[in-house]
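One structure is given here, and the rest of the page talks about it.
The values are calculated or read from the model by the stated rules, or taken from the named source; none is laboratory data. From a predicted model like this one, the values you see are computed outputs, not experimental measurements. A quick note on method: Cβ atoms are made from the backbone with ideal geometry, for glycine too, and the neighbour counts reach across all protein chains shown. Ligands, DNA and RNA are stripped out before the accessible areas are found, and what is left, the full protein with its side chains, is counted by its heavy atoms. Shrake-Rupley method; radii C 1.70, N 1.55, O 1.52, S 1.80 Å.
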Amino acid sequence: MDVQQMIVAANKAQCFVSPPLSTLIITINTPSLNPNTPSKTPMRTSLSFLRLFCPLSRPQTVLFRPLIPRYAAPRFSPSFSRHFSVSSAPFSASAVGFVDEKEREEEERWDFSNNETEAKFVFEDNDGVFADNDMKHLVAPEIEVKELDELPEQWRRSKLAWLCKELPAHKAGTLVRILNAQRKWLKQEDATYLAVHCMRIRENETGFRVYKWMMQQHWYRFDFSLATKLADYMGKERKFTKCREIFDDIINQGRVPSESTFHILIVAYLSTPVQGCLDEACGIYNRMIQLGGYQPRLSLHNSLFRALLDRPGGSSKYYLKQAEFIFHNLETCGLEIQKEIYTGLIWLHSYQDTVDKERIKLLRKMMRDSGMEEGKEVLISILRACSKDGDVEEAERTWIKLLGSNDSIPSQAFVYKMEVYSKVGEITKSLEVFREMKKCLGYTSIASYHKIIEVLCESEQMDLAESFMKELIESGMKPLMPSYIKLTDTYLRLNCHDKLESTFLECLEKCRPNRTIYSIYLSSLVKVGNLGKAEEIFNHMGENVTIGVNAKSCNTILYGYLSSGDNSKAEKIYDLMCQKKFEIESPLMEKLESVLRSSRKGVKKPVSLKLSKEQREILMGLLLGGLRIDSDEERKNHMIRFEFNPSSIPHSILKRHIHDQYHEWLHPSSKLTAGNGDIPHKFNTISHSYFGFYADQFWPKGQPVIPKLIHRWLSPIVLAYWYMYGGYRTSAGDILLKLKGSSEGVKKVVKTLKSKSLNCRVKRKGRVFWIGFLRTDSMWFWKLVEPYVLDDLKDFLKAGCETADDCAVESRDINFDSASDSDEKGSSDYSEDDNP
């Protein structure tokens, strides 16, 4: 640089020179972006600026460590990837608990050996060492950074001091603009100092933004120490998304993250109530051992193991391999294996469809060798395992141990014992156990009623089964549907069609409509030749979206028409099955071919998969509501992942309808199996190039965006499914729609809605925009979408009705009269008069 350029640079620097310290103390409430313009910087930033003059010789700063519960177990379903729809705000200890699934009056769940009240491991102790307690003992690399007074240029010291003061006071957009304005002189060392300073004053979010800005500069050189320190800070604040982002950056640079980063990221995942985090924690744990070669601390093994066991609804059984891997690592590292590890592993094995009794026997021996007594959980697990194969001898030995223990016997133990005897055909003993339960516990559980009715139906003792069913109804316990289904299925097998019909009608009076029991009744009508009534029931199933028709019901009515010679109606059912892409059973296809050849040129050839107009509109509504699309590396094939909130009643109703709508696109693992009518809360389509248009419009580069042509696609049916999937009705009767994307995209959506005379307000919270239809505006929105809302959801979603039901946690505290949480004031609140 020549002399003239140095003089110009010095003159420019004068604009950024901060006043002396004494002057700053006097004018502390009015710091500014430049000396001539007043600013609204809060006092906390000015106080943070005073810390600039403290030496930076101690990079190990005091960390903010929000506590997490002793049992850091997220309650969510497994996920397929690491993209999450959550705000980046940290979760406190009180936020870790997730809302338990509300027990609907009529659950379509038949296997009550795995019901939610029992299928959850109960820890016998409250002691132990957990991973969050060990974070302060982890060693991280030191950051080497120059002090301000070590910089030779006065103008550079002044500018850095000014940036340290101003950056924490601004949000992302303004912060980037300020940094971009300094690009001519900011270098790697300067930006590193800014990021470290932000971490020192606990402005970690600002430090992260500075780090991301650094990465986009041409002079950027990867700094392992800085990345590690920042990742650890973000993880300790439970900002797992940002921590994972830095973690991946480290790996992409060909480096192995430090032990502290692995440990802290796992703890951050475990302490967050977001779907998919447990799977991510397991993946990071495995890489910590296999990639990093680290030996995790005992506390981390225990915390992850407890999280696996604390999954609701018996879903823990799918994590057996991961639990065995943790157990293996504890053994090979010579760490203490606590009693609950043995107990939990036996518990997981007992829930498998095929029980490895040799492994259970070995684990019990290891417990005894370690001087541990078998507690109630182990004995219950042994009974559960015995009920799978009818091991009466082992079950009776275990029962004697249960009676001799000081603990009370849980009701599920009686159910398992009943099942053991039923496996070997000793129905009388099953009845004795059922009656013994009432004597021992003073009550009879709903699961025991379902089990005894199932046992009696399998042995065809229908009189006793009917008497127990009557007793169950009089008790007022719910649900009744599993027993009704078992009764009607047995009547169909025994050709007792009159009793089947009366039981079916009684079920409709007491329970929510259900496809399984409708299908049984339809089979009965076809079997007796009552095709008129069968056609009426079939049409009712098709008209009621909460029931719906499937391949089985279509094949049933098709068999009836072909058997009776009603070929015209058989052809209509064939056309319906082709339209819905249902598979026709082979024996029926042989009969159908001769019918079609006589009336048509031939059988329709299978056509390639293609979305209908209704499917396309539904898909767009779901994508606006947060549906995800995953693409392969070449972006040639794409997979749609349907995920529904298990604690949401509207989602529990909607998922069956969506499963039926896209059944031909679903992956084989997501399709229902025979005898299982329960729709999972998460399923996915096959990977197909047909979804490329939607992936490019809504999920380019793996991130949600709002398409540029969204104004063409906001039809009433799209809005209805957006509302059903990603919307809420508040307690005051207002309607909120959740949307992710850019501010410009949200403006397009708002403009389009207002062109339809739908006035709305917009509020941003974190990465999520909330579009609110308040007061009378909600009624206009409801009138537009009501014809397309599922009938069973109208009571939950109708606008203007006050309700005591809880909305989603993330929408409870939305105030459309206040500024957005993550944007500058006015950037996302649109005026009522902002019409196109």
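Cross-link pairs exceeding 25 Å in C-alpha to C-alpha distance, out of Lys451/Lys510; Lys552/Lys794; Lys317/Lys794; Lys361/Lys417; Lys486/Lys533, comprise Lys552/Lys794; Lys317/Lys794.
For Lys365, a cut-off of 21 angstrom between C-alpha atoms picks up these lysines, skipping any fewer than 8 places away in its own chain: Lys321, Lys339, Lys357, Lys376, Lys401. Could you state the number of Å between the C-alpha centres of the stretch 305-348 and the stretch 670-731? What the calculation gives is 35 Å, centre to centre. Fully extending the segment from Lys146 to Lys613 would add 161.9 nm, taking 0.36 nm per residue of separation and subtracting the current Cα-Cα distance.
Residue by residue, the stretch 350-365 carries 3J(HN,Hα) couplings of 5, 8, 6, 5, 10, 7, 8, 5, 5, 5, 5, 4, 5, 5, 5, 5 Hz when phi is fed to the Karplus relation 6.51 cos²θ - 1.76 cosθ + 1.60 (θ = phi - 60°); x denotes Gly or Pro. Label zone (Gln253, point 7 Å along Cα-to-C-beta; backbone nitrogen cut-off 16 Å) within the stretch 274-318: none. Can you grab the distance from the C-alpha centre of the stretch 156-231 to the C-alpha centre of the stretch 244-265, Å, no decimals? Cα centroid of the stretch 156-231 versus Cα centroid of the stretch 244-265: 20 Å apart. Which lysines have a Cα less than 23 Å from the Cα of Lys229, not counting those fewer than 8 places away in the same chain? Cross-link targets: Lys136, Lys146, Lys165, Lys171, Lys187, Lys212, Lys239, Lys242. Straight-distance candidates among the lysines for linking to Lys613, with alpha-carbon spacing under 20 Å and chain neighbours fewer than 8 residues away dropped: Lys580, Lys581, Lys655.
Counting only Cβ charges, +1 for Lys and Arg and -1 for Asp and Glu, the dipole size of the stretch 613-796 around its Cα centre is about 980 debye. Once backbone amide H atoms are built at 1.01 Å from N, Val762 has Gly772, Tyr830 as its partners under 5 Å, excluding neighbours fewer than 5 places away on the same chain.
Between Asp356 and Glu458, what's the calculated FRET efficiency when r is the beta-carbon distance and R0 is 25 Å? Round to 0.05.
Efficiency computed from Cβ-Cβ geometry: 0.40.
Taking amide H as placed 1.01 Å from N in the peptide plane, the amide H of Phe642 sits under 5 Å from that of Phe683, Asn684, Thr685, each at least 5 places away or on another chain.
Listed values for the stretch 243-251 are Karplus-derived 3J(HN,Hα) couplings in whole Hz (6.51 cos²θ - 1.76 cosθ + 1.60, θ = phi - 60°), namely 4, 5, 4, 5, 4, 5, 4, 4, 5, and x replaces Gly and Pro.
Val145 contributes an accessible area of around 30 Å² to the protein surface, as traced by a 1.4 Å probe with all chains present.
Taking θ as phi - 60° and the Karplus parameters 6.51, -1.76 and 1.60, the scalar couplings of the stretch 424-433 work out to 9, x, 8, 5, 4, 5, 4, 5, 5, 5 Hz in sequence order, x denoting glycine and proline.
Taking the square roots of five times each eigenvalue of the Cα gyration tensor of the stretch 532-589, the equivalent ellipsoid has semi-axes of 17, 14, 9 Å, listed largest first.
Peptides 201-212, 624-635 ranked from most to least packed, by the mean per-residue count of other Cβ atoms within 10 Å: 201-212, 624-635.
If one computes P(r) from the Cα atoms of the stretch 613-796, what percent of pairs lie at distances over 20 Å?
Working: 9017 of 16836 pairs.
In whole percent, the long-distance tail amounts to 54.
Each label was represented as a point 7 Å from its Cα along the Cα-to-Cβ direction; for Ser731 and Asn539 these points are 4.6 nm apart.
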